[in-house]
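Asker: To start, I am sharing the structure in question, which I have written as structure tokens.
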Amino acid sequence: MVNIGIIGVGGIAGAHLAGYRQLPQANITALCDILPERAAGKAGEIQLNIGATGGTAVQARPYQDYRALLDDPEVEAVDICLPTDLHADMAVAALQAGKHVLSEKPMALSVADCDRMIAAAEATGRILMIAQCIRFCPEYQVLKAMADSGADGKITHALFRRLSGMPRWSSDHWMEDPRRSGGGIFDLHIHDADYVNFLLGMPTAVDARGVEDAHGIGQVMCAYHYPHTQAVFAEGGWCYHDGFPFRMTFTVRFEGATVEYDSARGPLAIFRDGCEPEIPTLPAGDLYTNEIAYFLDCVATGTAPTVVTAFDARETIRLVAAEAASVRGGRPVAL
Ligand SMILES: NC(=O)c1ccc[n+]([C@@H]2O[C@H](COP(=O)([O-])OP(=O)(O)OC[C@H]3O[C@@H](n4cnc5c(N)ncnc54)[C@H](O)[C@@H]3O)[C@@H](O)[C@H]2O)c1
């Protein structure tokens, strides 16, 4: 059993709570939010892109000041579900208070802040995991396993897309402020940038174009340069109009198979010449519950995460920052 304290009880915390509830090894000990009704365990019925929250009422010690939660000796691990600009300071404070930390993506809005978080984890010997949930998403796990097995040869080209309207649920509308969220490129597109890093490693360069307004870079289309794969692209953004349906998709061609997934259209399918399309059985669980179960296992066994290391998440921030520089400069940026 791991005793958890959640700091920030808004949209994503509701999805995490739904995951914790399925895991007998999790005990939600404390909740902290500046909004008292949320600290009391009544997170709003917030509709996220993936998964609705709701039914999040939970019995746990309520705190409105994070310092009180960090002083609570029963809390072993802290789950940071705060606006992005607060991640780095909160993670450092929690690690220094002796807590293990699961922090939402993006890790931070600068590589320097990521490095502060990593230094605090190293100094305290506590676990720091960043919730890059797509690494734990069943469809994307199937694709990763195919690439790692090599049975269908190498990836020749790949396209990832993640599109939505502007998220309207955030408290104080912090997501609409690029100084707090980093804009759609850091908040939404980062999922695919991180997955590209997971699947293929860091590219040698990025060449990105995008659309920037008062909410930051809301839309980006990026080419990732690799010596071993001819064409890897991702498109992501949240600047479509209200009501535009969220979708995440990929089409990836290996030498011997094509894999396609579109969350709006149907299950993942694998196509091979001369064969009927294959609809594989997916790994169990959903992305949030899988990621949380993995974190709890790392805490319980004292093992550093390997599916997503803190350095991986830091490299993804470096990658997205390079994409933003490429959008603004209108030319490729080497990594
Ligand atoms: N992995 C995913 O799929 C996913 C989805 C949505 C959000 N996120 C990430 O999760 C984080 C939170 O996003 P959200 O959508 O839940 O935002 P949100 O606005 O719905 O929730 C944030 C909560 O933090 C509280 N808060 C703000 N400042 C605080 C403070 N100093 N102390 C305590 N509580 C405080 C707010 O009152 C609010 O309840 C962001 O970094 C976002 O990028 C990830």
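Read-outs throughout are calculated quantities, based only on the coordinates presented, and are distinct from any laboratory measurement. No experiment lies behind these values; they were computed from the predicted model shown. In this analysis, Cβ positions are derived from the backbone assuming ideal geometry, glycine residues included, and neighbour counts consider all displayed protein chains.
Asker: If we count every other residue with Cβ under 10 angstrom of C222's Cβ, Lys/Arg +1 and Asp/Glu -1, where does the sum land?
Answerer: Once all neighbours under 10 Å are counted, the net charge is -3.
Asker: Still on this structure, please answer the following. Working from Cα positions, state the angle (0 to 90°, nearest 10) between the long axis of helix 190-200 and the longest principal axis of the chain.
Answerer: 60
Asker: Who wins for biggest fluctuation among A121, A26, A193 in a Gaussian network model of the chain, springs between alpha carbons below 10 Å?
Answerer: Of A121, A26, A193, the most mobile in the Gaussian network model is A26.
Asker: Return one quarter of the surface area of the convex hull spanned by the alpha-carbon atoms of region 176-335, equal to its mean projected area, in nm².
Answerer: Mean projected area for region 176-335: 11.8 nm², to one decimal.
Asker: Give the aspartates and glutamates reachable from K144 as a straight Cα distance under 17 Å; neighbours fewer than 8 places away on the same chain don't count.
Answerer: D152, D192, D194, E255, E260, D262, E278, D286, E291, D312
Asker: For region 144-181 and region 1-32, compute the distance between their C-alpha centroids and round to whole Å.
Answerer: If you average the Cα positions of each part, the centres end up 24 Å apart.
Asker: Using a 10 angstrom cutoff on alpha carbons, build the Gaussian network for the chain and name the most mobile of A284, A91, A77.
Answerer: A284
Asker: Give the percent of DSSP beta bridges with both residues in the chain that are antiparallel, rounded to the nearest 5. Before the final figure, lay out each step's value.
Answerer: On the way: 36 of 65 bridges.
Roughly 55 percent of the beta bridges in the chain run antiparallel, per DSSP.
Asker: In Å, the Kirkwood hydrodynamic radius of the chain over pairs of distinct alpha carbons? All intermediate terms of the calculation are to be shown ahead of the outcome.
Answerer: Values: mean 1/r = 0.0492 Å⁻¹.
About 20.3 Å for the chain.
Asker: If you fit an axis through the alpha-carbon atoms of helix 11-21 and take the longest principal axis of the Cα set of the chain, what angle between them do you get, 0 to 90°, nearest 10?
Answerer: It is inclined by approximately 80 degrees.
Asker: What lysines could a cross-link reach from K99, if we take a straight Cα to Cα line under 25 Å and drop same-chain neighbours fewer than 8 places away?
Answerer: Filter leaves K42.
Asker: Counting each DSSP H run of 4 or more residues in the chain as -39500 (n - 2.57), what helix-only mean residue ellipticity at 222 nm follows after dividing by all residues, to the nearest 500 deg cm²/dmol?
Answerer: Rounded to the nearest 500, it is -10000 deg cm²/dmol.
Asker: Check the straight Cα-Cα distances from K105 and name the lysines below 19 Å, setting aside those fewer than 8 residues away within the same chain.
Answerer: List returned: none.
Asker: What list do you get for L268, L69 if you sort them by fewest beta carbons within 10 Å?
Answerer: L268, L69
Asker: Taking the Cβ of A97 as the centre, find all other residues whose Cβ is under 12 Å away and add up their charges (Lys, Arg: +1; Asp, Glu: -1). It would help to have the intermediate numbers written out before the result.
Answerer: Values: positive: R67, K99, R126; negative: D71, D72, E76.
Net of charged neighbours comes to 0.
Asker: How high is the relative contact order of the chain, given as a whole-number percent (alpha carbon pairs under 8 Å, six or more residues apart)? Numbers along the way, then the final one.
Answerer: Working: 735 pairs, mean separation 62.7, N = 335.
With pairs under 8 Å counted, the relative contact order is 19 percent.
Asker: Got a sec? Charge dipole of region 2-131, +1 on Cβ for Lys and Arg, -1 for Asp and Glu; which of A77, M117, G98 is way out at the positive end?
Answerer: Going by the charge dipole, the pick is A77.
Asker: Relative to the longest principal Cα axis of the chain, at what angle does helix 287-301 sit, 0 to 90 degrees, rounded to 10?
Answerer: 60
Asker: Mind checking the dipole of region 2-131: about its Cα centre, +1 per Lys or Arg Cβ, -1 per Asp or Glu Cβ, Debye to the nearest 20? Please list the in-between numbers first.
Answerer: On the way: 9 positive and 15 negative charges, 53 e Å.
That gives region 2-131 a dipole magnitude of about 260 debye.
Asker: Turning to a different aspect of this structure: How far is the Cα center of region 76-123 from the Cα center of region 309-331, in Å?
Answerer: Centre-to-centre (Cα) distance: 19 Å.
Asker: Here is a follow-up. Nearest 5 percent is fine: what portion of the DSSP beta bridges confined to region 2-131 is antiparallel?
Answerer: Of the beta bridges lying entirely in region 2-131, close to 5 percent run antiparallel.
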